[in-house]
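Computed from the coordinates by the stated procedures, all read-outs in this text should not be read as laboratory data. Given the structure is predicted, the values throughout are model-derived calculations rather than measurements. Every residue, glycine as well, gets a Cβ built from its backbone with ideal geometry; the counts of neighbours run over all protein chains shown.
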Amino acid sequence: MGRTLKDPAARYFAKGVTPRERAAFEAGIALATIYHSLVGLPMPRTSRGREELARGVASSVLAQPFRRSVRVRIRSVRRGRGPYSYGEIGQRDISAEVVVEYAGCAVRARLGYVKGLRYPLMRIVEVREGGRRSGR
């Protein structure tokens, strides 16, 4: 962190958008990309297949600007019986963590199903600005 950033897209954002806000925005995009890339896909039948799919999605998201780390996990689900049955990846099956760094501000955000909310929550868990840290 702490590097000067030349971002040619910055001029398209509202004046006054801070690096902290931009990092949070980018983290949200990364988590939404992961979620919407996976929900509804046929569930790989093996743990190796799930791991390979998770690594592939993480690698793809990591290629986007300002991403520093991406981790994706896909939980195994039940399958029906019969030749045409297969499991699908659902909202409860995905967990992810991303770290985005923008102009000296780093945001760590997570995606995971929260039973109490009955919802796949995307949330910021840590913000670091110039070495200062806040979060949980």
Helix-only [θ]222 nm of the chain, DSSP H runs n ≥ 4, -39500 (n - 2.57) each, per residue, nearest 500:
-9000 deg cm²/dmol
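About its Cα centre, what dipole magnitude does the chain give when the only charges are +1 on Lys and Arg Cβ and -1 on Asp and Glu Cβ, stated in debye to the nearest 20?
Working: 28 positive and 11 negative charges, 81 e Å.
Dipole size: approximately 380 debye.
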Which residue, Ser37, Ser85, Ser59, has the most motion in a Gaussian network model of the chain that connects Cα atoms within less than 10 Å?
Ser85
Below 8 Å between Cα atoms, with a sequence gap of 6+, how large is the relative contact order for the chain in percent?
27 percent
Under 5 Å between amide hydrogens, which residues at least 5 positions from Leu41 or on another chain qualify, with H placed 1.01 Å from N in the peptide plane?
Ile89
Just to check I understand the Karplus step: with θ = phi - 60° and J = 6.51 cos²θ - 1.76 cosθ + 1.60, what whole-Hz values come out for segment 105-111, glycine and proline as x?
10, 10, 10, 9, 9, 10, 10
For segment 1-63 versus segment 64-134, the gap between their alpha-carbon centres in whole angstrom
10 Å
In what sequence do Phe66, Phe25 fall when counting other Cβ within 10 Å, fewest first?
Phe25, Phe66
For the chain, the Kirkwood Rh over every pair of distinct alpha carbons, in Å, works out to 16.2 Å
